[in-house]
Amino acid sequence: MSTVSHPNSLLSIATPKRAARPALDALFGPQSVALIGATEAHGSVGRAVMENLRAFAGPVYPVNPHRESVFGVKAFPSIAALTEHVDLAVIATPGTTVPEIVGECALAGVPVAVILSAGFKECGVSGAALEREILARRGDMRIVGPNCLGLMIPELGLNATFATTLARPGNVAFLSQSGALCTAILDWSLRENVGFSAFVSIGSMLDLGWGNLIDRLGDDPQTKSIVCYIESVGDARAFLSAAREVALTKPIIVIKVGRTEQAARAAASHTGSLTGSDEVLDAAFRRVGVLRVETIAELFDMAEVLGKQPRPRGPRLAIITNAGGPAALATDMLVRSGGEIAPLSDDSFRAFDALLPPHRSRNDPVDLLGDADAERYARAVEIVAQDPNTDGVLAILTPQAMTDSGGRLACTFLMTVNPDSTPHKTYMLL
């Protein structure tokens, strides 16, 4: 493994040791799964994962030397006792047993394993020694984790985690170093009807890291955008190289903790990794086209927007409103964030002249006036949606005494918008 040095520790980086693609194909599209540590013991990780794997369409092989079956499914004493090929091994056993199990999986030809077990470098010197032993025994097998929640591929019904519910299918890939944040995002997504193409907890990144996963998701037709919670970057060159290429076609949204010394220490105690220089990372994100958000709320908001709307083809946003103040606030936010007010065409302005009273302001954003009803909003959306100079539409409604602000307006707006006819335009009703 070759190393490239840099005065800043964040950019002291190592080249990838071997190609990850075949293993990642097995990770994101497994035909069969072995759960090592499967059990019926109440309150155990092995039981929770086994119950979740019942929804998986392919065969699931419980591995436990102390049981003949788990939930009525024949159990095997070891991975070596299986005659069938296994695409994905999920390891849920005490940390001290993991190196030997990894060696057995490698000898059996398993391409990739997810290690849920904890007790590694986040626990100090003894845990770091266990990680070195895992790396020495893994052969060509690739590893997600350790110390992670697992992964979900909702389209396949695969829930190889100890979370309580499978995510909805969708087109957002979510990658996180925090298992607890995964469960929070999952609970929120079920309430808000946001779906995921992949839902991966990557833990302390002993082997597979951000670069490997982003690169693979860049070629995944089910994934339209990628959202990440990052505590440590790991292999910076691999991350930036993958992000630079993928961000050209798919949005990559990240929240990166560790801006303060105290937060960096907290992250190190969680995953055993240093967070790196925040200033250097900010500059690197901007250079490769990664959008960094500041709060978990923003991360949720971005996941919802990306999950429910097509990606706009450009930065030009048309704003229609029935009040000037909110439109001015939206304009400030848009321009300061790098967007543009859409320069509406002459045809659009003529259409608005026919729609609106003569005393209206002929500026952008388009003010529909305080008495705008559902039909006026609907016609305004039609006008700006058909304008070739717009990439998206924001409709702002402030309830006023003469305004129908009930469900009729929202229904009319949704009936008017047909994303299939303008597939690269984003529609928002505020």
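With a ≥ b ≥ c the root eigenvalues of the C-alpha gyration tensor of the range 20-148, is it rounded (a/c under 1.5), prolate (a/b larger than b/c) or oblate?
Oblate is the answer for the range 20-148, as a/c is 1.5 or above yet b/c matches or exceeds a/b.
With the convex hull built on the Cα atoms of the range 167-308, state its orientation-averaged projected area in nm². Kindly include the intermediate steps, with their values, before the conclusion.
Details: hull surface 30.0 nm².
Projected over every direction and averaged, the Cα hull of the range 167-308 covers 7.5 nm².
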Computed for the range 20-148: size of charge dipole around the Cα centre, +1 on C-beta of each Lys and Arg, -1 on C-beta of each Asp and Glu, debye to nearest 20, value 100
R0 = 25 Å: FRET efficiency of Val125 with Asp278, Cβ-based, nearest 0.05? 0.35
What is the range 167-308's relative contact order, in percent, from Cα pairs under 8 angstrom and six or more apart in sequence? 26
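Roughly speaking, what % of Cα-Cα pairs in the range 314-401 are separated by over 23 Å, rounded to a whole number?
Across the range 314-401, Cα pairs with separations above 23 Å total 15 percent.
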Based only on other Cβ atoms within 10 Å, what is the fewest-to-most ordering of Val254, Val288, Val90? Val288, Val254, Val90
Going fewest to most other Cβ atoms within 10 Å around each Cβ, Phe199, Phe76 line up as Phe76, Phe199
Where the convex hull is taken over the Cα atoms of the range 303-364, what is its projected area averaged over directions, in nm²? 5.4
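Please arrange Ser44, Ser126, Ser201 by counting, for each residue, the other beta carbons lying within 10 Å of its beta carbon, fewest first.
So the residues, fewest neighbours to most, are Ser126, Ser44, Ser201.
Quote the Stokes-Einstein diffusion coefficient, in whole µm² s⁻¹, for the range 52-122, based on the Kirkwood radius over alpha carbon pairs, a temperature of 20 °C and a viscosity of 1.002 mPa s.
Translational D for this selection: 165 µm²/s.
If packing is taken as the average number of other Cβ atoms within 10 Å across a peptide's residues, how do 167-180, 58-71 rank, most packed first?
Descending mean neighbour count gives 167-180, 58-71.
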Rank-order 334-341, 107-114, 370-377 by packing density, defined as the average count of other C-beta atoms within 10 Å over each peptide's residues, highest first. 107-114, 370-377, 334-341
Please work out the FRET efficiency for the pair Leu248 and Ala297, using the Cβ-Cβ distance as r and a Förster radius of 22 Å; give the result to the nearest 0.05. 0.20
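Every number in this text was worked out from the coordinates using simple rules, so none of it is lab data. Just so we're clear, the structure is a prediction, and the values are computed from it rather than from any experiment. Every residue, glycine as well, gets a Cβ built from its backbone with ideal geometry; the counts of neighbours run over all protein chains shown.
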